[in-house]
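Below is one structure, written out as structure tokens; the observations come after it.
FYI, it's all coordinate maths here, none of it is from the lab. In this text, all values refer to a predicted model and were calculated from it rather than measured experimentally. Cβ coordinates were reconstructed from backbone atoms using ideal geometry, including for glycine residues, and neighbour counts include every protein chain displayed.
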Amino acid sequence: MKDKLRSQGWFGKKGKDGFIYRAWMKNQGIPDYEFRDKPVIGICNTWSELTPCNAHFRELAESIKRGVSEAGGFPVEFPVMSLGETLIKPTAMLYRNQVSMDVEESIRANPVDGVVLMCGCDKTTPSLVMGACSVNLPTLVVSGGPMLTGKFKGRDIGTSDIWRFNDAVRAGEMSQEDLTVSEACMCRSRGHCAVMGTASTMASMVESLGLSLPENAAIPAADSRRKVLAQMSGIRIVEMVKENLRLSDILTREAFENSIITNAAIGGSTNFIIHLLAIAGRIGVPLTLNDFDKLSASIPFIANIQPSGKYFMEDLYYAGGIPAVMKEIDRFLHGKCITVNGKTMRENYDTAECYNREIISTADKPFNPVSGVAILKGNLCENGAVIKPSAATPALMKHSGKAIVFEDIDDYKKRIDLPDLDVDETSILVLKNVGPIGYPGMPEVGNMALPKKLLAKGIHDLVRISDGRMSGTGFGTVILHASPEAALGGNFAVVQTGDVISLDVSKRSLVLEVSAAELEKRKKVWKSSYKKYDRGYVSLYQQHVEQAHLGADMDFLKGSSGSEVSRDSH
Ligand code: FES
């Protein structure tokens, strides 16, 4: 292994270059022996006080370092841009690809032999995994873990309650004071959102892909066993370097299929699709939108976690976690896929036990036979759109209604609560220009709040369609990721208020009941209305981002450039 260590291309050099590489590191008080033939492990840290979900990562990094040192490696922690879902404007998704570039170049340019990715809040996982895939060193993920279950007025709450509380305040059923009190009750510990939102979906994704040690997804951030997992991960990454076990060895087509199937069983976020497509694009595994529908169609929903179910991530951990879920769906999985600990996926979950059937059911008696995502096609979304049936209202899965169209998010905000808005329970809300290019960055606004006057009537769901995304914590009959997006001037761009739209999820169809001739006529006079940026990253993003059905990565970032550096620096 010694002559294979990439880091020795820096620290093992003699003369002026070796002096410079080592000497400046030594100003941190590092003894000489650390530079001699030890696997150097980069710990890619997304710690930031502006990413509250990852604010405990400095402490967690210490556990990883302890493990690396214990196994004979040399840990070096480095920061990358951190994406806090709640604070970053206009949307953290705009910067996912930028962070992936930061990660890729940071890994390649530096003397590291293996990498631990510290992921937590939603976009911190896909951005780090995407960047690492484009370098393809031995890599392992440690997630930060979910928050403890929120407690408010005697009941359990989590992030999905934001939408319920918001509707309740708008309907006059909850006071503003109670809403304020609920803030601290919901976020009462370190960690990311406590439901199967996007962060937990991403942590489950890395576990089901085989990129983390077993149990990574569900151990609460505040549970001391999270630190144990971090330390064990530190030990394991050193061994992975010795074994030269790389991302491309783990991320096979079968591993992606395992992840899609597991995501269906746990009712994971729709954002899973867009991020997994982007990761597949980096590592070079063919994956399409249809794969998600095809692979998840027969998978039962067996993890009773919000927003599709009732409980929280903490409960999932105590019930057996992702290994217990995967064991239940073993017959659908590729058990022989290799994982970061060197064992197969099946070896990892074979010994798992379910401790609570209220939380994890069997595949034969699921909480819902419907799971996963359905991919809709039709003239309103020629490249596809996405709906999460388990989070939708069954009665609305087949529905025709008149569209109420909002040209952009400002138009929506201006008009949604107007008393004279011609809306009823059969209406279909359509929101344009919240796609990757049009917004830009594809924000999570697809589960538009309903008009106050319908909420007052006790109506809590309508069919809603947009080219944007939805928070993994959201729910409702919400059709997302319509592609091509409105900014590109396709049929979705010319849908008008009053047009009839027909949805039939069982037939996977989403049809705008307007003649082709009329649509062509509208397109001839259509003018783009989205804001175009002419400098900086956002300009680059708008010019190169691909559509949602391809994963919304930038066209020039697909694939890998390996770990070779182009030139020596001196
Ligand atoms: Fe960070 Fe939900 S806001 S995971």
Note to self: I'd like to know which of VAL405, ILE283, THR362 lies farthest towards the positive end of the charge dipole of the chain, counting +1 on Cβ of Lys and Arg and -1 on Cβ of Asp and Glu.
What the structure shows: ILE283
Next item on the list: For the range 293-320 and the range 332-355, write down the distance between their C-alpha centroids in whole Å.
Entry: 18
Checklist line | Antiparallel DSSP beta bridges within the chain, as percent of all bridges there, nearest 5 | finding: 45
Check: Per residue and in Å³, how big is the convex hull formed by the alpha-carbon atoms of the range 128-274?
Finding: 122
Check: Scaled to the compact-protein estimate 2.2 N^0.38 Å, what is the alpha-carbon radius of gyration of the chain, rounded to two decimal places?
Finding: 0.98
Checklist line | Residue order, fewest to most surrounding Cβ atoms within 10 angstrom, among VAL228, VAL241 | finding: VAL228, VAL241
Item checked: Fraction in percent of alpha-carbon pairs per bin - 10 Å, the range 21-92 -> 19, 39, 26, 14, 3
Notebook entry, point to check: How big is the gap, in Å, between the Cα center of the range 33-86 and the Cα center of the range 187-211?
Noted result: 19
Next item on the list: Write down the radius of gyration of the range 116-166 and its Dmax, each obtained from C-alpha positions, in Å.
Entry: 16.1, 49
Margin query: Every cysteine in the chain with no other Cys Cβ under 4.7 Å from its Cβ, please list them in numeric order.
Written below: CYS44, CYS119, CYS133, CYS185, CYS187, CYS193, CYS337, CYS354, CYS381
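By average Cβ neighbour count within 10 Å, what is the ranking of 310-318, 529-537 from highest down? Intermediate results must be reported in sequence, preceding the final value.
On the way: 310-318: 23.7, 529-537: 11.9.
Those peptides, ordered most packed to least, come out 310-318, 529-537.
Arranged from highest to lowest average of other beta-carbon atoms within 10 Å per residue, in what order do the peptides 502-508, 334-340 appear?
Numbers: 502-508: 16.7, 334-340: 19.4.
Per-residue Cβ counts within 10 Å, averaged per peptide and sorted highest first, yield 334-340, 502-508.
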Item checked: Lys/Arg +1, Asp/Glu -1 at C-beta; the chain dipole; positive extreme among PHE332, PHE57, ASN491 -> PHE57
Margin query: Compute the angle between helix 57-70 and the longest alpha-carbon principal axis of the chain, please, reported from 0 to 90 degrees and rounded to the nearest 10.
Written below: 40
Checklist line | Total charge dipole magnitude, the range 343-473, about the Cα centre, Cβ charges on Lys, Arg, Asp, Glu only, Debye to nearest 20 | finding: 140
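Given +1 on the Cβ of Lys and Arg, -1 on the Cβ of Asp and Glu, and no further charges, what dipole in debye does the chain carry about its Cα centre, rounded to the nearest 20?
Values: 66 positive and 67 negative charges, 154 e Å.
The calculated dipole for the chain is roughly 740 debye.
Which of the chymotrypsin sites (Phe, Trp or Tyr not before Pro) found in the range 1-85 are loop residues per DSSP with 16 or fewer other Cβ atoms within 10 Å of their Cβ? Walk me through the intermediate numbers first.
Numbers: sites: TRP10, PHE11, PHE19, TYR21, TRP24, TYR33, PHE35, TRP47, PHE57; in loops: TRP47.
In loop regions of the range 1-85 (DSSP not H, G, I, E or B), there are no sparsely surrounded chymotrypsin sites (Phe, Trp or Tyr not before Pro).
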Notebook entry, point to check: Over the Cα atoms of the range 412-570, Rg to Rh with Kirkwood Rh, two decimal places?
Noted result: 1.07
Item checked: Calculated on alpha-carbon atoms, Rg and Dmax of the range 239-338 in Å -> 14.5, 44
Notebook entry, point to check: Arranged from highest to lowest average of other beta-carbon atoms within 10 Å per residue, in what order do the peptides 165-172, 494-501, 517-524 appear?
Noted result: 494-501, 165-172, 517-524
